[in-house]
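No lab work stands behind these numbers, since they all come straight from the coordinates. Fair warning: this is a prediction, and the values are worked out from it, not measured in the lab. Using ideal geometry, Cβ is built from the backbone for each residue, glycine included, and neighbour counts are taken over all protein chains shown.
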Amino acid sequence: MILALAGGVGGAKLANGLARILPADQLIVAVNTGDDFEHLGLHVSPDLDTVMYTLAGLNNTETGWGRAGESWRFMAALGALGGETWFNLGDLDLATHVERTRRLAAGETLSTATAAFCARLGVPAKIVPMTDQKVRTMVQTADGWLPFQDYFVRLRCAPPVRGFRFDGVARAVPSAGLLQALSDPALAAIVICPSNPFVSVDPILSLAGLRDLLARRRVPLVAVSPIVGGKAIKGPALKMLQELGLDPSALGVARLYAKLIDGFVIDRQDDALTQAIAALGLRVLATDTIMTDPAAQSALAASVLEFAQRLRRS
Ligand code: FO1
């Protein structure tokens with residue numbers, strides 16, 4: 001059984017690669033919910049939806065979020081009424097937010113709502129929120145603290161970051177699905193997907209007691225670098241590394257994870273960093289990590305699992 005920790009686009013791609021090569025009951029994907037927010041009276045869970053849509057084959061590959069074949073009549077009508085249009089909700093995607101909001105208002109948890117949607121959409125793995133309690137990522141900038149979606153979407157990641165806060169995370173316990181995966185005797189490896197280390201992975205790692213649970217693991221913990229050849233494949237990870245005065249490279253990310261993980265997967269383009277990363281006490285795999293299509297997603301997933309298996313025996 002494999003546990004993957006994932007955030008947005010990069011995480012969803014590797015999670016999809018894992019789902020393509022593993023039986024559905026052998027993969028649990030625990031997803032960041034720090035990006036969640038209330039918008040237009042709706043509870044929006046961007047990373048849960050990106051992973052769910054990707055594994056259901058419904059994801060919008062142009063935008064990297066929302067659904068394929070989307071239409072925007074709701075947004076056009078909303079704009080005409082003077083509603084807020086900085087955060088785009090497609091007509092198909094809107095159904096997810098409306099139904100999730102209804103379920104949560106009826107007393108369901110994010111976990112049960114997610115499980116119901118995944119069953120309906122035929123998702124071939126178990127997707128769980130990192131926690132069922134409220135966690136909200138805040139981004140510190142020169143002009144003060146910003147809610148995550150204001151930083152990421154409304155301000156297009158422009159303000160230089162100084163730090164992050166995950167409101168509620170210290171009291172937020174890992175979800176039942178995440179805890180179950182960690183205590184499953186069949187667990188063979190834990191994979192940190194190539195997501196933003198600051199705003200996608202760190203909220204998960206910061207959950208109450210999770211770092212201790214990971215420290216007591218009896219299986220390899222492997223992370224895949226979201227930075228390739230000194231640039232982020234998508235999103236603000238590289239910019240954040242630079243703004244925080246960290247090495248804007250796979251080595252910079254390896255340093256963030258060094259005390260936590262056993263192995264680090266980098267792209268062949270970063271082969272020259274292998275020694276420096278190994279010097280952190282990490283085993284290193286250099287392979288093709290650019291997931292241009294589903295076949296590349298599956299190939300990377302297979303390489304990562306084989307790498308983890310090698311760490312298990314050593
Ligand atoms: N990202 C944008 O850059 N612009 C948007 O209008 C936008 C809308 C949106 C709607 C639903 C959803 O699930 C995600 C959406 N995203 C949008 C992406 C979202 O901000 C990011 O996926 C995560 O929060 C970061 O990974």
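A few points about this structure:
- Debye-sum result for the chain in log10 I(q)/I(0), which assumes one identical scatterer on each alpha carbon, at q = 0.06, 0.11 Å⁻¹: -0.18, -0.64
- Rounded to the nearest 20 debye, the dipole magnitude of the chain is 700 debye, with +1 charges on Lys and Arg beta carbons, -1 on Asp and Glu beta carbons, and the Cα centre as origin.
- A straight Cα-to-Cα reach below 25 Å connects K134 with the lysines K126, residues fewer than 8 places away in its own chain not being considered.
- Dipole axis of the stretch 113-209 (+1 Lys, Arg; -1 Asp, Glu on Cβ), positive-most option in V123, L155, S175: L155
- Nonlocal amide H pairs with A232, under 5 Å, H built at 1.01 Å: L238
- Assigned charges on the beta-carbon of Lys, Arg, Asp, Glu; the stretch 98-212 dipole about Cα centre (debye): 260 debye
- Neighbour cut-off at most 11 other Cβ (10 Å), DSSP loop, trypsin sites (Lys or Arg not before Pro), the stretch 240-269: K259
- Within the chain, longest stretch free of exposed GluC sites (Glu not before Pro) [DSSP loop, at most 14 other beta carbons within 10 Å]: 85-314
- Taking a straight Cα-Cα cut-off under 22 Å and skipping sequence neighbours fewer than 8 places away in the same chain, the lysines within cross-link reach of K239 are K13, K231.
- The C-alpha atoms of the chain define a longest principal axis, and helix 294-313 lies at about 40 degrees to it.
- Restricting the trypsin sites (Lys or Arg not before Pro) of the stretch 208-253 to loop positions (DSSP other than H, G, I, E, B) with no more than 16 neighbouring Cβ atoms within 10 Å leaves R216, R217, R218, K234.
- Note on the stretch 33-150: along the principal axes its Cα atoms extend 42, 32, 30 Å, ordered by decreasing extent.
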